[in-house]
1. With the crude spin-label approximation of a point 7 Å out along Cα→Cβ, what separation in nm comes out for L377 versus K205?
2. Can you pull the Kirkwood radius for segment 225-330, inverse mean 1/r over Cα pairs, to one decimal in Å?
3. Of C238, C229, how do they rank once you tally other Cβ atoms within 10 Å and put the fewest first?
4. Can you give the calculated 222 nm mean residue ellipticity of the chain, where each DSSP H run of n ≥ 4 adds -39,500 (n - 2.57) and the sum is split over every residue, rounded to the nearest 500 deg cm²/dmol?
5. Report ³J(HN,Hα) in whole Hz for each residue of segment 300-307, in order, from the Karplus equation J = 6.51 cos²θ - 1.76 cosθ + 1.60 where θ = phi - 60°; Gly and Pro get x.
6. Just list whichever of K174/K227; K105/K186; K105/K174; K206/K288; K288/K325 have alpha carbons separated by over 30 Å in the model shown.
7. If one computes the Cα centroid of segment 146-175 and of segment 255-333, what distance in Å separates the two points?
8. Please arrange D77, D100 by how many other C-beta atoms lie within 10 Å of their C-beta, fewest to most.
Amino acid sequence: MSESNVSAPTSLGIKGKRVAVIGAGPGGIAAGVALHQAGFSVKVFERHPELRPLGGAIILNATGIVILRGLGVQVDDIFAAGLPEFRRYDGRVRVNFDIDMDLLKQAGVTGWQSGMMRSELYERLLAAAPADMVVPNHTFSHYEEHAEGVTVHFAEGRTYDADLVIGADGVQSKVREQLWGASELKHLGIAVWLGWCELQGPERKKIVIQHNHAYQMGYAPLRYKDKDCFEWWFVEKCEENQVEPTDPAAYVRERINGFSYPVPQILEATDTSHNLFRWVVKYRDPLKQWSNGRVTIMGDAAHPTSPYAAYGAGMAIEDGYFLAKYLRGRDLSDPKALEIGLRRYDDQRVNYTNQTTAFARFLGRLYHGVPAPLNRLRDLFLDHSSLPEKLISKGVTSEAQALLRAVLNPVD
Ligand SMILES: Cc1cc2nc3c(=O)[nH]c(=O)nc-3n(C[C@H](O)[C@H](O)[C@H](O)COP(=O)(O)OP(=O)(O)OC[C@H]3O[C@@H](n4cnc5c(N)ncnc54)[C@H](O)[C@@H]3O)c2cc1C
């Protein structure tokens with residue numbers, strides 16, 4: 001683009017209230033809605049011409065549901081809730097998650113996590129946003145901080161003046177790269193297959209995560225277009241450049257041989273030519289700080305997570321909620337006021353998400369990174385020890401339940 005083609009920056013609104021969010025994934029849109037409701041002029045810039053919900057179905061945590069309801073996002077008719085349980089391949093229960101049912105009652109949910117379709121989640125988020133909040137065809141290029149604020153540049157040639165830039169641009173975040181420098185995208189050593197199907201019959205109150213010596217197969221109730229469905233995921237060890245199988249359905253079917261009802265039935269009911277997706281899981285080393293000056297990051301840009309947590313979108317939605325909570329009422333043109341708000345956001349989120357993503361990586365390695373001769377010993381241990389239940393309680397449920405309590409009973 002030549003200098004003469006570059007137009008003068010457009011201001012995003014009244015000085016002190018201008019927020020540019022980069023990336024319209026679940027995190028960016030939720031942050032946009034929350035910040036708009038907190039009184040800011042927000043634009044969410046997306047590189048694609050239309051939104052592209054990644055994959056098919058998703059499991060959203062109870063705190064995410066509570067936050068969405070609080071933002072006026074109508075989701076109650078698009079999810080099916082369940083309580084998670086680790087089981088052996090043959091159905092024997094290994095770990096019951098230690099969930100405070102009174103807390104769930106207070107939250108108005110019947111499950112710890114809920115299955116929903118990503119596309120429906122996006123639709124409902126957008127329905128709660130101002131019509132022009134998401135701006136498509138804008139590929140973030142770089143930002144420039146200056147005495148008057150921050151100017152955001154897009155590859156297509158447009159520039160905008162804002163008081164705050166939020167990088168919600170996912171695992172390949174360019175905002176993070178400019179703010180904190182380049183970092184290696186690391187291979188975790190696992191691949192995930194995601195599918196979903198319409199199916200009636202199997203129990204719909206549990207989210208089941210089953211393992212044999214080498215593979216995980218999990219499934220959860222899903223509500224889609226008013227129909228009872230199930231989403232499922234298959235996790236396996238994977239080399240960095242492993243070639244994809246030519247017949248994915250046969251590949252997965254062969255590997256879940258021996259898994260108990262209803263796993264074979266769920267796979268059988270899946271239209272594998274359309275509703276089966278594969279991801280090789282990547283992560284980055286965690287940061288100790290996210291915000292600096294007039295720029296911060298959130299969601300996968302800040303804490304890319306393994307699907308073992310089934311919590312990446314949930315954490316991204318929580319990030320948006322806390323950003324709005326700590327920025328509400330502040331004059332963002334005042335560097336000190338902005339710094340205090342962003343520091344509170346970092347204090348609330350950085351350690352929590354780092355611990356959560358570290359534990360998810362640990363689980364991925366425990367189940368898929370142990371050398372073959374040792375995995376039977378590991379499974380004997382998992383069958384007969386109470387340690388896994390204690391680890392899950394410490395690593396997953398206690399901190400996450402404390403967070404749900406904090407969202408239900410905000411102190412300031
Ligand atoms: C296989 C798999 C299963 C998962 N299952 C679950 C689950 O069950 N539950 C759960 O909570 N999470 C799950 N996750 C994680 C979840 O999908 C992510 O954590 C979540 O999508 C992160 O949201 P985000 O908004 O931060 O980023 P993203 O969803 O990655 O969105 C980023 C957006 O930024 C845009 N963008 C990128 N670069 C630019 C640029 N330069 N300029 C403008 N726009 C840009 C992208 O196009 C995209 O729209 C799963 C992930 C995978 C891979």
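1. Here the answer is 4.0 nm between the modelled labels.
2. Values: mean 1/r = 0.0573 Å⁻¹.
With all distinct Cα pairs of segment 225-330 included, I get 17.5 Å.
3. Values: C238 19, C229 25.
Fewest to most other Cβ atoms nearby, the residues stand as C238, C229.
4. Values: 13 runs with 143 residues, N = 412.
Mean residue ellipticity, 222 nm, calculated: -10500 deg cm²/dmol.
5. Calculated HN-Hα couplings, in order: 4, 4, 9, 9, x, 10, 6, x Hz.
6. On the way: K174/K227 39 Å; K105/K186 40 Å; K105/K174 41 Å; K206/K288 36 Å; K288/K325 21 Å.
Cα-Cα > 30 Å for K174/K227; K105/K186; K105/K174; K206/K288; rest within.
7. Measuring centre to centre over Cα atoms gives 22 Å.
8. Values: D77 9, D100 15.
Going from least to most buried by this count: D77, D100.
Only the coordinates and a few stated rules stand behind these numbers; no lab work does. All values derive from a computational prediction rather than experimental measurement. A quick note on method: Cβ atoms are made from the backbone with ideal geometry, for glycine too, and the neighbour counts reach across all protein chains shown.
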